[in-house]
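Report on the structure given below.
The values are calculated or read from the model by the stated rules, or taken from the named source; none is laboratory data. Everything quoted here is computed from the prediction, not taken from an experiment. Positions of Cβ are backbone-derived with ideal geometry, glycine not excepted, and every protein chain shown enters the neighbour counts. What goes into the accessible areas is simple: the full protein's heavy atoms, side chains included, and nothing from ligands, DNA or RNA. Shrake-Rupley method; radii C 1.70, N 1.55, O 1.52, S 1.80 Å.
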Amino acid sequence: MYRFVLTRQWVCLTLVALVLIPAMIKLGFWQYHRHERRVAQNALIEANLTAPPKPVTELTSPGHRVPRADYWRTVTATGVYDTAHEVVVRMRTDNDDKVGFHVLTPLVLADGRAVLVNRGWVAGDGDPRAYPPVPAAPAGQVTVTGRLKADETSGSSGIKDRKGLPDRQVMLINSEQQAETLKKPVLGGYIELAEPVPADGSPQPVGKPDHDSIGAHMAYAVQWWLFAAAVPVGWVVLVRREKRDREAAAAKAASAGDPEPVTAA
C-alpha cells in the first residue's frame, strides 16, 4: 500500500526531511541561547549602572583586562586632562547614527598614572583625514564619573586596527597602545564619560547601553521549532495525498477495463 515511499523520489524527500528537523531544532536553540545571553546582559548592565560609583583604581590597573562582570560599572576618577596627547577615534556614530569621531583624552591621576576618558562624539569637518574641531577639555583638576569599558581589539570591536592613519587619529580605544605614546602607566580599559556633561553639549556624551529591549530571539526560536514540527506533519500529509491519488488512479483504470493499474510517476 505504501511501497511507493521506497521509490527514489520519496527516499530523497524523506532524507531531506530527516536532515531539516534536527537542523531547525538546533537553530531554535541557537536563537534561544541568544535570548538568554541578551537577558543576562541586560541584567548586568542594569546592575552595574545602578551600583554605587567606585574609584576606577579599585577596579582596574595598568595591563588589567576588564572582565565582563565589570563592563558598564559606574566609576569615578580625579585628575588633570592631558590634552597634549588627546586623540580622536575614527568611524564612530552619534545617537542619530551620524559618522564622526570619539574624543579620547588621557586623565592623569595624582599618582602619575593615567586613565583614558572617552569624552564623547564630535562631527568631522568633511575631510576624514583632517583632525576635527574638538572642544577643549576642562583645565585644572577635575572629577569625572562614567562607565568602565574594556579595551577594544580588532577582534572584539569589529574594527580593524589600520596602519598609516593621520596624526592623532586611531581606530581603537586601547590602553596599551596609548601607554606607548604617553610613556607612562595607563589603567586597563577606559571610562565612557557620563558627568560632568559639557554645557554646550559638545562633545556629545555617549548614550547609555540599551538594556530594555530583549530583541526577537525568543520569537525566532519558537518559529524554528514550529518549522521543525511542521516537517513530519507535512511529510505525512504528502504521503496520504500520494496514496489517495494512486488509489484513485487505480480505481479509474479498473473502471475503464485497463488490465493493469496505472501507477503515478
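I'm checking my understanding of the structure. Among residues of the stretch 190-244 that are of a type in the set (Asp, Glu) and under 30 Å from Arg65 (Cα atoms), which one is modelled with the highest pLDDT? I'd like the intermediate steps shown before the answer.
If we filter the stretch 190-244 for residues that are of a type in the set (Asp, Glu), which is where we start, we get 192, 195, 200, 210, 212, 242.
From the residues that got through so far, the ones that are under 30 Å from Arg65 (Cα atoms) too are 192, 195, 210, 212.
On the way: Glu192: 96, Glu195: 92, Asp210: 75, Asp212: 69.
Step by step, filter the stretch 190-244, then rank; the result is Glu192.
Give me the residue from the stretch 136-149 that is among the β-branched types (Val, Ile, Thr) and more than 22 Å from Val170 (Cβ to Cβ) and, out of that set, surrounded by the fewest Cβ atoms within 10 Å (Cβ to Cβ). Give the steps one after another, and end with the answer.
The initial filter retains those residues of the stretch 136-149 that are among the β-branched types (Val, Ile, Thr), namely 142-145.
This time we only want the ones that are more than 22 Å from Val170 (Cβ to Cβ), so: 142-143, 145.
Details: Val142: 15, Thr143: 11, Thr145: 15.
Only one residue tops the list, namely Thr143.
Can you pull out every residue in the stretch 230-250 that is open to solvent by less than 80 Å² (accessible area, probe 1.4 Å) and either among the β-branched types (Val, Ile, Thr) or farther than 20 Å from Val5 by Cα (or both)?
The answer is Val231, Val236, Val237, Val239.
Scan the stretch 121-135 and give yes if some residue there is closer than 18 Å to Arg168 by Cα and assigned to a strand (DSSP E or B), otherwise no.
As a first pass, look at the stretch 121-135 and keep what is closer than 18 Å to Arg168 by Cα: 121-135.
If we keep only those that are assigned to a strand (DSSP E or B) too, we end up with 121-122.
Yes.
Taking Gln9, is it open to solvent by 80 Å² or more (accessible area, probe 1.4 Å), farther than 19 Å from Glu192 by Cβ and either of a type in the set (S, T, N, Q) or assigned to a loop (DSSP other than H, G, I, E, B) (or both)?
Numbers: open to solvent by 80 Å² or more (accessible area, probe 1.4 Å): yes; farther than 19 Å from Glu192 by Cβ: yes; either of a type in the set (S, T, N, Q) or assigned to a loop (DSSP other than H, G, I, E, B) (or both): yes.
So Gln9 fits the description; yes.
If only one of Glu58, Glu86 is open to solvent by 80 Å² or more (accessible area, probe 1.4 Å) and within 18 Å of Leu116 (Cα to Cα), which one is it? Spell out how you get there, then give the answer.
Numbers: Glu86 fails: open to solvent by 80 Å² or more (accessible area, probe 1.4 Å).
Being open to solvent by 80 Å² or more (accessible area, probe 1.4 Å) and within 18 Å of Leu116 (Cα to Cα) holds for just one of Glu58, Glu86, which is Glu58.
Quick check: anything in the stretch 183-199 open to solvent by 40 Å² or more (accessible area, probe 1.4 Å) and under 14 Å from Leu116 (Cβ atoms)? Spell out how you get there, then give the answer.
First, pick out the residues of the stretch 183-199 that are open to solvent by 40 Å² or more (accessible area, probe 1.4 Å): 183-185, 195-197, 199.
Right, trim to under 14 Å from Leu116 (Cβ atoms) and you get 184-185.
Within the stretch 183-199, one or more residues are open to solvent by 40 Å² or more (accessible area, probe 1.4 Å) and under 14 Å from Leu116 (Cβ atoms).
Is it the case that Val186 is touching an Asp or Glu at 6+ places or on another chain (Cβ under 9 Å), at pLDDT 90 or above and not basic (Lys, Arg)? Before you say what the answer is, go through the steps one by one.
Details: touching an Asp or Glu at 6+ places or on another chain (Cβ under 9 Å): yes; at pLDDT 90 or above: yes; not basic (Lys, Arg): yes.
It is true that Val186 is touching an Asp or Glu at 6+ places or on another chain (Cβ under 9 Å), at pLDDT 90 or above and not basic (Lys, Arg).
Kindly state which strands (runs of 3 or more DSSP E) lie completely within the stretch 34-113 and contain at least 1 residues that are in contact (Cβ under 8 Å) with a residue 12 or more places away in the chain, in contact with a Gly (Cβ under 7 Å, 6 or more places away or on another chain) and of a type outside the set (A, V, I, L, M, F, W, C). Spell out how you get there, then give the answer.
On the way: elements: 74-81, 87-93, 99-109.
Output list reads 87-93, 99-109.
Does Leu18 satisfy being surrounded by fewer than 16 Cβ atoms within 10 Å (Cβ to Cβ) and more than 30 Å from Ala130 (Cβ to Cβ)? Step through it out loud before you land on a result.
Working: surrounded by fewer than 16 Cβ atoms within 10 Å (Cβ to Cβ): yes; more than 30 Å from Ala130 (Cβ to Cβ): yes.
So Leu18 fits the description; yes.
Of everything in the stretch 207-229, what is part of a loop (DSSP other than H, G, I, E, B), out of contact with any helix residue (DSSP H, G or I) (no Cβ under 6 Å at 6 or more places or on another chain) and open to solvent by 70 Å² or more (accessible area, probe 1.4 Å)? Give them in sequence order. Explain how you work it out, then say what you get.
Of the residues in the stretch 207-229, the ones part of a loop (DSSP other than H, G, I, E, B) are 207-216.
Keeping just the survivors that are out of contact with any helix residue (DSSP H, G or I) (no Cβ under 6 Å at 6 or more places or on another chain) gives 207-208, 210, 212-213, 216.
Residues satisfying the conditions are Lys208, Asp210, Asp212.
What is the one condition in (1) buried (at least 17 other Cβ atoms within 10 Å of the Cβ); (2) of a type in the set (Ser, Thr, Tyr); (3) over 18 Å from Asn174 (Cβ atoms) that Tyr71 does not satisfy?
It fails just one condition, (3).
Give me the residue from the stretch 90-104 that is surrounded by fewer than 21 Cβ atoms within 10 Å (Cβ to Cβ) and of a type in the set (Val, Ile, Thr) and, out of that set, nearest to the chain's Cα centre (by Cα).
Once the filter is applied, the top-ranked residue is Thr93.
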